[in-house]
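Beneath this line is the structure, given in structure tokens, with notes to follow.
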């Protein structure tokens with residue numbers, strides 16, 4: 001078996017205007033770095049299918065799905081909020097991004113793949129059941145996790161989110177769902193200015209202040225996340241893999257480096273081996289410094305591929 005790498009050409013056609021940080025070059029930077037680091041030789045490239053309405057409806061309301069389709073422009077741009085913009089290819093890309101996460105879940109659960117990474121855009125973890133925001137349209141990880149629960153009959157899944165921003169959409173999808181343990185680390189106070197006061201028993205948010213470095217994040221993972229994850233014993237692990245907490249990324253003010261992402265990935269792989277037959281599906285979220293993003297994804301994938 002192998003580590004799957006899901007992507008699709010349509011991801012390069014979605015763009016939100018000149019100088020927008022969530023740009024097609026993000027995926028080009030990842031693929032270039034995978035080749036340069038020789039990680040590319042150890043992963044299996046797969047094309048992302050397109051998610052159906054029924055699959056999107058695992059998380060999103062039918063009214064929301066229909067409204068986004070109605071607002072999709074035939075040409076030019078349609079603004080959802082000041083940061084979240086559709087062009088004529090956006091919703092096709094968003095459906096393929098969700099489809100990548102679903103297909104990766106199916107392949108890992110069937111035993112075709114050990115684990116998988118979805119190199120997708122637009123990202124997903126800010127997308128709430130009835131709201132697109134923060135560069136996100138459909139919540140890729142939440143849809144895949146719900147698919148594992150509803151269509152594969154899993155009893156417990158874990159969702160890990162290490163983006164610099166709080167995964168408010170994923171929290172909204174799973175708050176008070178005992179089948180899901182969500183662990184998130186994010187800069188606070190910071191966009192979307194949520195997550196610090198959630199009292200749901202299945203949501204383990206660990207906000208950190210600006211300028212927090214990798215050593216402190218590792219301590220949180222070791223002393224807070226891992227005991228909770230082991231006690232929960234997930235049957236599959238999903239990762240919202242945001243790399244904008246890197247110290248070179250000026251989208252935020254945290255201080256992680258590639259070695260920290262590799263270390264976190266290794267710890268999550270240990271949990272997956274102990275509890276979930278090694279099953280992990282990881283989906284790209286943030287990461288806007290192109291060099292740091294490429295290097296960080298390569299470090300993340302190297303651990304998954306060697307696992």
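Each value in this text was obtained by applying a stated rule to the coordinates, not by laboratory testing. Predicted model, so just to flag it, every value in this text is computed and none were measured. Positions of Cβ are generated from backbone atoms using ideal geometry, with glycine treated the same way; all protein chains shown enter the neighbour counts.
Building the convex hull from the alpha-carbon atoms of segment 81-231 and averaging its projection over directions returns 9.8 nm². State whether segment 6-53 is rounded, prolate or oblate according to the following rule on the C-alpha gyration tensor (a ≥ b ≥ c being the square roots of its eigenvalues): a/c under 1.5 gives rounded; otherwise a/b larger than b/c gives prolate, and the remaining case gives oblate. In terms of gyration-tensor shape, oblate. Counting every other Cβ atom within 10 Å of each residue's Cβ, 56, 253, 304 order from fewest to most as 253, 56, 304.
Please report the relative contact order for the chain, taking Cα pairs under 8 Å with a sequence separation of at least 6, and give it as a percent rounded to a whole number.
On the way: 706 pairs, mean separation 61.6, N = 307.
Computed value for the chain: 20 percent relative contact order.
Based on C-alpha pairs under 8 angstrom that are at least 6 apart in sequence, segment 85-132 has a relative contact order of 38 percent.
When the square roots of the Cα gyration tensor eigenvalues are ordered a ≥ b ≥ c, the ratio a/c for the chain is under 1.5, which makes its shape rounded. How would segment 78-134 be classified by its alpha-carbon gyration tensor: rounded, prolate or oblate, with rounded meaning a/c under 1.5 and the a/b versus b/c comparison settling the rest? Prolate. When Rg and the Kirkwood radius Rh are both evaluated on Cα atoms of segment 194-307, their ratio Rg/Rh stands at 0.95.
Cβ crowding within 10 Å, taken as a proxy for footprinting-reagent exposure, orders 228, 302 from fewest neighbours to most as 228, 302. With helices as the sole contributors, the chain gives -11500 deg cm²/dmol at 222 nm; each DSSP H run of n ≥ 4 counts as -39500 (n - 2.57), and the sum is divided by every residue. Report the calculated FRET efficiency for residue 75 and residue 41 (r = Cβ-Cβ distance, R0 = 51 Å), to the nearest 0.05. Calculated value: 0.80.
With one equal scatterer per alpha carbon and no solvent term, the Debye-computed log10 I(q)/I(0) for segment 9-161 at 0.17, 0.18 1/Å reads -1.00, -1.10.
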